[in-house]
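Read-outs: derived from the displayed coordinates by stated rules, not from any lab. No experiment lies behind these values; they were computed from the predicted model shown. A quick note on method: Cβ atoms are made from the backbone with ideal geometry, for glycine too, and the neighbour counts reach across all protein chains shown.
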Amino acid sequence: AAAEAKNSTSQSPTLEILGQSYPTDTHTNTTPTILSKLSRNLHLQPSHPLNTLKRRIESHFSTFTHLDNLNPVVTTTQNFDDLLFEPSHPGRSKTDTYYINSSHVLRTHTSAHQSDVLRNGKSNGYLLTADVYRRDEIDVSHYPVFHQMEGIRIFPRSNLSAEISSDLSTLTSSAPSPTSITDIPTSDTNPIQSVHTKSEADLVTKHLKTSLESMVKSLFRDETLQIRWIEAYFPFTSPSWEMEILYQDKWLEILGCGVVQQQILDSTGHADKVGWAFGLGLERIAMVLFDIPDIRLFWSEDKRFLSQFREGEVTTFKPFSKYPACYKDISFWCPAEKEGEKWHDNDFAEIVRDVAGDLAENVRLIDQFTHPKKGTVSRCFRINYRSMERTVTNEEIDRIQDEVRRISAEKLGVTLR
Ligand code: FA5
Ligand code: MG
């Protein structure tokens, strides 16, 4: 509450976003730095790697309807309720989501448009590409804005087996290269919906997995690529899975998917259909395909980055030399935690993002201890500052660090050490 009281004194009564005016309230936590990203539309820039990847995936799903310019401001109903998120789901929390006000958010995933698209649609397959927003940690693979692509395919329940078998035979005949794939079956913790027969769920699952495996194979064209399916949970699909690929000896999650909850199809005018949905992260795949080592590079306006890419072509990025990093530590006593006012590292990360912008490469908690008598907690964060475009000066970073200290004390109520 202390933090909010201070926030509201500096907060204007409305936010102007893409030509629309929204009243602010105690939920508002969207910063100008974040709002400045809304107009970039990286996925629509012709020679940008994200656009090339998007177009490759679109051409793989060529019979689907393609959407790519929906408004990033959605209601909490669209982003959560329509997708059957429980009222207490952590994704709704202000520490994870950018709220415009208590009823509007910056979409946290492309699934926010599922119900609208299904309600309006005549087509049986959609692909939707969009920028999505999440309050998160700071490192080379996390950025508060990234891009997702969502696919939905629905089938009439009456003719399911025939339609799916004919589709599968084309899918498997056109899929290149023998890739190693590890599958897992459904289980008690990842159940088939009671309204579906086992045969319906199996057919939809087979079509879903085959479609995604064939897409990934066609993107990577690599016979040594290793793919595995793991069990997942989403409120809007069941059963659900995530696909991971082996990259530099680590399993990298690239998408989530599953059989659409029948309740969503029922309430959008498709009670006589069954279907699947998936959502993938474009940056995750583009970093592998184009060899891009740092997620901030996608936002670079430096011509040494942009000039390396040509419309529609997948080429390997040649890194330009890294400029030196500058590390600064900050230590403080956190305010005592009360009910509903818990400390969250994301709130500190957000201040660093807002003050330092893309100069912040990484923020890491390096030390934490509790005062033996008072019970208060001291935290020390190490901020790694680096520009991708020039050498930063120590004086310049000191000024930024001073500002981070000042605003942390003011907005988070910490006692600087
Ligand atoms: C979702 O967002 C679900 N809406 C996906 C989905 C759609 C499931 C339809 C079922 C049906 P998740 O939060 O796991 O799920 O994100 C999906 C993908 O987005 C991840 O697999 C990953 O590739 C990418 N992603 C998630 N968080 C980040 C991040 N911080 N930075 C970059 N990519 C991310
Ligand atoms: Mg996930």
Checklist entry - Along its principal axes, what span do the Cα atoms of the range 1-105 show, with the longest given first and each in whole Å? => result 51, 31, 21
Checklist entry - Between Glu395 and Phe320, what is the label-to-label distance in nm when each label sits 7 Å out along the Cα-to-Cβ direction? => result 2.5 nm
Next on the checklist: Using a 7 Å offset from the Cα along the Cα-to-Cβ direction at both Thr172 and Thr65, what is the distance between the two label points in nm, to one decimal?
Outcome noted: 3.1 nm
Checklist entry - Given the pairs Lys94/Lys250; Lys328/Lys411; Lys94/Lys303; Lys37/Lys122, which span a C-alpha to C-alpha distance of over 27 angstrom in this model? => result Lys94/Lys250; Lys94/Lys303; Lys37/Lys122
Checklist entry - Hey, what did the range 240-282 get for relative contact order, percent, Cα under 8 Å, at least 6 apart? => result 35 percent
Next on the checklist: Starting from 0.36 nm per residue, how many nanometres of slack lie between Arg364 and Thr189 once their C-alpha separation is accounted for?
Outcome noted: 59.6 nm
Checklist outcome for this item: Once amide hydrogens are built 1.01 Å from N within the peptide plane, the residues lying 5 or more places from Leu15 or on another chain with amide H under 5 Å from its amide H are Tyr22, Thr24
Item to check | Distance from the range 183-214 to the range 238-290 (C-alpha centre basis), Å | outcome: 13 Å
Checklist outcome for this item: So, relative contact order of the range 321-416 in percent, Cα under 8 Å, 6 or more apart, is 43 percent
Item to check | Principal semi-axes in Å for the range 49-162 [√(5λ), Cα gyration tensor, largest first] | outcome: 27, 19, 12
Next on the checklist: On a full-extension model of 0.36 nm per residue, what is the gain between Gln248 and Ser218, subtracting their alpha-carbon distance, rounded to one decimal in nm?
Outcome noted: 8.8 nm
Checklist entry - On full extension of the chain, what length is gained from Glu16 through Trp343, given 0.36 nm per residue of separation minus the C-alpha to C-alpha distance? => result 114.8 nm
Next on the checklist: If I take every Cα pair under 8 Å that is 6 or more residues apart in the range 32-306, average their sequence separation and divide by the length, what percent do I get for the relative contact order?
Outcome noted: 20 percent
Checklist outcome for this item: Taking every C-alpha to C-alpha distance in the chain and binning by 20 Å from 0, the per-bin percentages run 24, 54, 21, 1
Checklist entry - Restricting the count to DSSP beta bridges whose residues both fall in the range 32-306, what percent are antiparallel, rounded to a multiple of 5? => result 90 percent
Checklist outcome for this item: If the label point sits 7 Å along Cα→Cβ of His89, residues of the range 211-237 with amide N under 17 Å come out as 232-237
